[in-house]
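One structure below.
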Amino acid sequence: MFTDINWKAVSAELMGTFFLVFFGVTSFISMSGNDMLLEGTITLGLTLFILVHILGPVSGCHLNPVITLPTFISGKIKQNDTIAYIVAQISGATLGFVLFKELKPETNSSDIDILIIALVGTTFFVTSLLTSQDPASIGATLFVVTITAFGDVNPGVNLGQMFAFAIDGNAIWAFYGIIGSLIGCGLGYSLKENIIDN
């Protein structure tokens, strides 16, 4: 039965739905104050903009069963791919919510939380930047990664900050953010090479 599935497209749907939830949907949860609705809406919209830009050519960037089902009904996608897309979308969304919930961004983060946040943020950042040189997409990626408090995507900046504070005797150890960023860099490159590129 599932022998002729386009696994690259299915993987793009899983990855895209994970990022959509982890950065976009949860932005309404992680932001507080009067600007929550505006910031959450902008973050969600820009996350979707980025994902459509980088994953559209791979899978159509459905990221939602209510997009996949009419596409199937209109004959533009096979039954096996439809089922696999929907399973991937549900799985990606679940992973996004579970990881976000485990990181508890509203509380103080542990060293492992910092590593994971830097890893996911850098993976998204690198995947987007290696895929597109469109200034709008790059700007949107930077906005999303920064506004969602996942701005630890540059080990050079982290090291520079650490050294600058060390001069004053107030060293901030950035080891976990740096390690997470470096792992995320490798994952972002791998996603671009193995899922996005044809």
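The values are calculated or read from the model by the stated rules, or taken from the named source; none is laboratory data. Being a predicted model, the structure only gives us computed values, none of them experimental. Cβ placement follows ideal geometry from the backbone for every residue including glycine, while neighbour counts extend to all protein chains displayed. Accessible surface areas use protein heavy atoms only, side chains included; no ligands, DNA or RNA. Shrake-Rupley method; radii C 1.70, N 1.55, O 1.52, S 1.80 Å.
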Pairing a residue in the range 175-194 that is touching a residue at least 40 places away in the same chain (Cβ under 8 Å) and of a type outside the set (Asp, Glu) with any residue that is assigned to a helix (DSSP H, G or I) and surrounded by fewer than 17 Cβ atoms within 10 Å (Cβ to Cβ), where Cβ atoms lie under 6 Å and the two sit 6 or more apart in sequence or on different chains, gives 176/111
Looking only at the range 139-155, which residues are part of a helix (DSSP H, G or I), free of Cβ contacts under 8 Å to residues at least 60 places away in the same chain and open to solvent by 50 Å² or more (accessible area, probe 1.4 Å)? 142, 146
For the range 25-78, which helices (runs of 4 or more DSSP H) that fit wholly inside it have 2 or more residues that are open to solvent by 70 Å² or more (accessible area, probe 1.4 Å) and not charged (D, E, K, R)? 36-59, 65-73
Inspect all residues belonging to the range 96-119 and state whether any of them is modelled with pLDDT of 90 or more, outside any loop (DSSP other than H, G, I, E, B), out of contact with any Leu (no Cβ under 9 Å at 6 or more places or on another chain) and of a type in the set (Val, Ile, Thr). yes
Near pairs, Cβ below 7 angstrom, 6+ apart or cross-chain, from the range 10-23 (closer than 7 Å to residue 92 by Cα) to any residue that is assigned to a helix (DSSP H, G or I) and open to solvent by 10 Å² or more (accessible area, probe 1.4 Å): 14/91; 15/191; 15/195; 17/93; 18/95
